[in-house]
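Each reported figure results from applying straightforward, stated rules to the coordinates on display, with no laboratory input. Worth saying up front: this structure is predicted, and the values here are computed from it rather than measured. Cβ sites come from the backbone with ideal geometry, for glycine too, and all protein chains shown count toward neighbours.
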Amino acid sequence: MNTDTHAAHADDHHHDDGHAHGTFSTYMLGFALSVVLTAIPFWLVMSGALPSKQITALVIMAFAVVQIVVHMIYFLHMSPKSENGWSMMALIFTIVMVVIALSGSLWVMNHLNSNMMPMHEMTGMK
Amino acid sequence: MTVAVNPSQTGEPVFYLADEHPHPEGYSTSLGFWIYLMSDCLIFAMLFAAFGVLGANYAAGPAPKDLFELPLVAVNTSMLLLSSITYGFAMLTMQQNKTAQTQMWLAITGLFGLAFIGIELSEFTHMIYEGATPQRSAFLSAFFTLVGTHGLHVSCGLIWLVTLMVQVWKFGLIEANRRRLMCLSMFWHFLDVVWIGVFTFVYLLGVLR
């Protein structure tokens, strides 16, 4: 093991077999971050601290994304190096698929909703 | 087609079988299991997409604001988060070959998981009792499908957990059991990741709407 890289990543415990393990401190750090990242969105919605609903929605979505990344790193031990990079490739592919499917569905269905007239309004026009 | 030809001195072609060198047992299990999790992620993405499209179609029925109790959801979220960290402790004690402590942390994880399922089921029965059944509106169909699929995954994880506890009890922390516990660890943490999406997009954004 290279001592330089080890010193640079003191909390990185990646072995050469490609399996990453956490330590007590990385698990606790991940847990503490998750608690904070969960508590703040709940508090924001339950107290209505932010004036606009739109801003609250954007903020809690940002918190969710950050918390997912935290879980990926501290609980699922994702790193670009694990499994020689193949698990990261699978993850990136999945994220691309998920983004296309989610944004595509919402976009298309919203267009349909705003451009197509509902049936009952159509019959009322005759 | 075999084209690996290497003429030897006699002029006769020599064919080689391109055989992979042998790997130890379980060599590719974690990558394979990761790819399964990614395909499971796509299932949840489709259910999220369906909920995103149908989530506002109440059909004059109850809306998220009338149904969801955020304090209960917060308790449920903490149950799952606590079960994640206790599973982490089980993995840490497993690495130190402490069988009894591993079993204890697995049991605690199971109890938190059971509490999560219990709270979710009581929430479901309460909603159905109030008439908010999956048949009531497109929103409720999408809600029960998405949250129910997640709950089903957690239930399967619990069955798997008990199975592995019996395995560890009978055979100890042998290499195969370590591999299985690692797979369940990925599964369990993955379900927690999916739950982040559920409580954000279904519960918090639903109540906000």
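Based on the mean of other Cβ atoms within 10 Å per residue, sort peptides B:183-192, B:80-89 so the most packed one is first. Don't jump to the answer; show the numbers that get you there.
Numbers: B:183-192: 21.9, B:80-89: 23.7.
So the peptides B:183-192, B:80-89, ranked by packing, come out B:80-89, B:183-192.
Viscosity 0.692 mPa s, temperature 37 °C: Stokes-Einstein D of the protein assembly as shown from its Kirkwood Cα radius, in µm² per second? If you can, show how the numbers build up before the last one.
Values: Rh = 22.6 Å.
Estimated diffusion coefficient is 145 µm²/s.
Label-to-label distance, B:Leu152 versus A:Val35, with points set 7 angstrom from Cα along the beta-carbon direction: 3.5 nm.
Could you work out, residue by residue across B:102-113, how many beta carbons of other chains sit within 10 Å of that residue's beta carbon, and then give the average as an integer?
Values: counts 0, 0, 0, 0, 0, 0, 0, 0, 0, 0, 0, 0.
What the average comes to for B:102-113 is 0.
Using a simple spin-label model with pseudo-atoms 7 Å out from Cα toward Cβ, A:Leu102 and B:Ala176 lie 3.9 nm apart. Over all residues in B:52-64, what is the mean tally of Cβ atoms on other chains that come within 10 Å of each residue's Cβ? Per-residue shielding by partner chains comes out at 1. This model, with +1 at the C-beta of Lys and Arg and -1 at the C-beta of Asp and Glu, gives the protein assembly as shown a dipole about its Cα centre of some 880 debye. Using a cut-off of 13 Å between beta-carbons, work out the net charge of the residues near B:Val154 (Lys and Arg +1, Asp and Glu -1, B:Val154 not included). Taking every Cβ under 13 Å from that of B:Val154, the sum is -3.
Average partner chain C-beta neighbours within 10 Å, per residue of A:54-65?
Working: counts 1, 0, 3, 6, 0, 0, 6, 5, 1, 3, 9, 3.
Across the residues of A:54-65, the mean count of other-chain Cβ atoms within 10 Å is 3.
Which of the three applies to the range B:13-172, rounded, prolate or oblate, going by the alpha-carbon gyration tensor with a ≥ b ≥ c and a/c under 1.5 meaning rounded? Oblate is the answer for the range B:13-172, as a/c is 1.5 or above yet b/c matches or exceeds a/b. Per-residue packing, averaged as other Cβ atoms within 10 Å, sorts the ranges A:71-83, B:54-66 into the order A:71-83, B:54-66, beginning with the highest. Each of A:Ser87, B:Gly55, B:Val193 was scored by the projection of its Cα onto the charge dipole of the protein assembly as shown, and the greatest displacement toward the positive side belongs to B:Gly55; charges sit on the C-beta of Lys, Arg, Asp and Glu. For the pair A:Met61 and A:Leu112, the difference between a 0.36 nm per residue extended length and the Cα-Cα distance amounts to 15.9 nm.
Distance between the C-alpha centres of the range B:73-101 and the range A:71-112: 25 Å, rounded to the whole angstrom.
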